[in-house]
Amino acid sequence: MAVTFDPGANLLVTPRLEAYFNALMKNAHSQLGVNSVNISSTTNHPTNKDHSRHTLGLAFDINYINGTHVTSNESSIISGIELDFFYEVLNTDQQLGEQYLEFYSPVNAQRWYEDTGNTYEPTQQANHNNPPHIHISLQ
């Protein structure tokens, strides 16, 4: 499994997120055939605020999977992987006893509400000011 980084994105994250990322990539490789990802952001996210999961080292963004850019085109091959990727997030949560907080991609967006135990599907990433990507954060 090859992992590359955009300039400045290879900054330290929390040990929790590192363990989560490693387990997720192992699952994505064995279940989905994901052989490479590119990380576009960790703690270097351009819109970081003090309360941001990125700033806290609890979020990462992926902009390429197997050499193909994550896209907002729902008919693309990569969009199928994006949806499957979400199910691997759920599998990883169960394996590690973790709970994702947010999973946003151009074709799927989920946020976990701990008080109700429910997720909702917010507006798609079109309202973000950065290029399409998969965003995953932990609680």
Seminar exercise, completed: Within the range 1-45, the residues that are over 20 Å from Gly67 (Cα atoms), under 14 Å from the mean Cα position of the chain (by Cα) and free of Cβ contacts under 8 Å to residues at least 40 places away in the same chain are Glu18, Thr43, His45
For this session: Scan the range 86-98 and give yes if some residue there is outside any helix (DSSP H, G or I) and either closer than 15 Å to Leu138 by Cβ or modelled with pLDDT of 85 or more (or both), otherwise no.
Result: yes
Problem set entry | Per-region count, the range 59-73, residues out of contact with any His (no Cβ under 7 Å at 6 or more places or on another chain), modelled with pLDDT under 85 and not in a strand (DSSP E or B) | 3
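Per-residue answers, yes or no, for (1) farther than 15 Å from Leu138 by Cβ; (2) at pLDDT below 85; (3) among the polar types (S, T, N, Q); (4) surrounded by 14 or more Cβ atoms within 10 Å (Cβ to Cβ):
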| site | (1), (2), (3), (4) |
| --- | --- |
| Phe21 | no, no, no, yes |
| Val34 | yes, no, no, yes |
| His45 | no, yes, no, yes |
| His54 | no, yes, no, yes |
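The values are calculated or read from the model by the stated rules, or taken from the named source; none is laboratory data. Remember, it's a predicted structure, so these values are computed and weren't measured experimentally. Cβ coordinates were reconstructed from backbone atoms using ideal geometry, including for glycine residues, and neighbour counts include every protein chain displayed.
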